[in-house]
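**Student:** One structure is given below, represented as structure tokens, and several questions about it will come after.
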Amino acid sequence: MKKILVTGGAGFIGSNYINYTLTHRDDVEIVNLDKLTYAGNLENLKPVEGKKNYHFVKGDITNKELVDYIFRKFEIKHVINFAAESHVDRSILGSEIFYSTNVIGTNVLLEASRRFEVERFLQISTDEVYGSLGPEGFFTEKTPLDPSSPYSSSKAAADMMVQAFHHTYGMPTLITRCSNNYGQLQFPEKLIPLMIINIMNDKKLPVYGDGLNVRDWIYVYDHNRAVDLVMEKGKPGEVYNIGAEREMKNIEIVKLLLNSLGKTEDLIEYVKDRPGHDRRYAIDASKIKNELGWQPAYEFETAIDETVKWYLDNKPWWENILSGDYKNYYNLQYGN
């Protein structure tokens, strides 16, 4: 039985990874370590509650004693670090927690992984560490890091530390850098769920600047299929970019969602742009395709329709978040 520590597993991408993995595989045991900050939601993990090969531990990845305890108790040999403060706007308002979790927390995990001689350590990073692109070109794994926000700079620092542990100690580390994810269970502060929910409630749709910032979008299931593949077959010390090569302007996403939900563009409200807003991201994913044989399985049009349908069908899930009731789920399940 492969024993995997998944950090940040109550968040959007991490919970989708755990649900996907434990639904499709019976040869793994997952320990989910999550601090349950505002974006951590245990309701995301209802599909795996009660499984004998799933364990939840509430805690902070910066807590060295707790992390060591988990490694010893569960005999961890594989680590996937999803845990991160990840919202750019929040990092602009206050950066300290981003460096604490994303840098110090990663260091704690690396040191424990080194002492307990893990077989694989996968750092889940982001294309934002590369900075902003002009109208042409793509990010490759050799693109110099040039982060623009406190969030992306904290992720870049963590990436460099992961690489240093490989070069210094020979640790079997891996890094994935993915483009913008979308899909079910995404916290409503992010663009797509925010717009879907606002449209459903006939609320204004805040669009930064001129709305022409470009992002490369990937369905969360495709991202996690790539994560699984890198964990199994990736070469230690390497970085793998993950993207579905579907660039879209933010305003195009907003108008698509309005059309899908049968509402007019009168709801669009252009607001002051955020500081340091990167203009364009675009991923070259040829390395993971050529070396590991990964390909995205979902067309954007199909996956975005599935995403909209999920939010329509799961109104109680996001209403619990908007009301704050989701924070009570841990106490109801674990009694403290």
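The values are calculated or read from the model by the stated rules, or taken from the named source; none is laboratory data. On a predicted model such as this, the values are computed, not experimentally measured, just so you know. Glycine also receives a Cβ, built like all others from the backbone with ideal geometry; neighbour counts cover every protein chain displayed.
**Student:** So how many residues does the stretch 225-247 have that are in a helix (DSSP H, G or I) and surrounded by 16 or more Cβ atoms within 10 Å (Cβ to Cβ)?
**Tutor:** Residues meeting the conditions: 7.
**Student:** Quick check on residue 25: is it touching a residue at least 40 places away in the same chain (Cβ under 8 Å) and surrounded by fewer than 17 Cβ atoms within 10 Å (Cβ to Cβ)?
**Tutor:** no
**Student:** Turning to a different aspect of this structure: Scanning for something exposed (fewer than 14 other Cβ atoms within 10 Å of the Cβ), assigned to a strand (DSSP E or B) and either modelled with pLDDT of 95 or more or in contact with a strand residue (DSSP E or B) (Cβ under 9 Å, 6 or more places away or on another chain) (or both), does the stretch 248-269 turn up at least one residue?
**Tutor:** Yes, because at least one residue in the stretch 248-269 is exposed (fewer than 14 other Cβ atoms within 10 Å of the Cβ), assigned to a strand (DSSP E or B) and either modelled with pLDDT of 95 or more or in contact with a strand residue (DSSP E or B) (Cβ under 9 Å, 6 or more places away or on another chain) (or both).
**Student:** Loosely packed, with under 15 Cβ neighbours inside 10 Å and of a type in the set (Val, Ile, Thr): does that describe residue 214?
**Tutor:** Here the answer is no, as residue 214 does not meet what is asked.
**Student:** Since residue 84 meets every condition but one in (1) in contact with a helix residue (DSSP H, G or I) (Cβ under 7 Å, 6 or more places away or on another chain); (2) of a type outside the set (Val, Ile, Thr); (3) under 25 Å from residue 191 (Cα atoms); (4) free of Cβ contacts under 8 Å to residues at least 40 places away in the same chain, which condition does it not meet?
**Tutor:** Checking residue 84 against (1) in contact with a helix residue (DSSP H, G or I) (Cβ under 7 Å, 6 or more places away or on another chain); (2) of a type outside the set (Val, Ile, Thr); (3) under 25 Å from residue 191 (Cα atoms); (4) free of Cβ contacts under 8 Å to residues at least 40 places away in the same chain, the one that fails is (4).
**Student:** Looking for whichever is over 23 Å from residue 100 (Cβ atoms), hydroxyl-bearing (Ser, Thr, Tyr), in a loop (DSSP other than H, G, I, E, B) and modelled with pLDDT under 95 here; the options are 132, 148. Which one fits?
**Tutor:** Sole residue among the options that is over 23 Å from residue 100 (Cβ atoms), hydroxyl-bearing (Ser, Thr, Tyr), in a loop (DSSP other than H, G, I, E, B) and modelled with pLDDT under 95: 132.
**Student:** When you scan the stretch 168-186, do you find a residue that is in a helix (DSSP H, G or I), at pLDDT 95 or above and under 27 Å from residue 93 (Cβ atoms), even just one?
**Tutor:** For the stretch 168-186, residues in a helix (DSSP H, G or I), at pLDDT 95 or above and under 27 Å from residue 93 (Cβ atoms): absent.
**Student:** Follow-up question, since we're still on this one. Residues to consider are 261, 292, 229; find the one that is over 27 Å from residue 124 (Cβ atoms) and either touching a Ser or Thr at 6+ places or on another chain (Cβ under 6 Å) or touching a residue at least 40 places away in the same chain (Cβ under 8 Å) (or both).
**Tutor:** Result of the check over 261, 292, 229: 261.
**Student:** Give me the residue from the stretch 270-298 that is surrounded by fewer than 14 Cβ atoms within 10 Å (Cβ to Cβ) and under 20 Å from the mean Cα position of the chain (by Cα) and, out of that set, farthest from residue 135 (Cα to Cα).
**Tutor:** Residue satisfying both the conditions and the ranking: 297.
**Student:** When you go through (1) without any contact (Cβ under 8 Å) to a residue 60 or more places away in the chain; (2) within 23 Å of residue 245 (Cβ to Cβ); (3) surrounded by fewer than 20 Cβ atoms within 10 Å (Cβ to Cβ) one by one for residue 115, which number turns out not to apply?
**Tutor:** (2)
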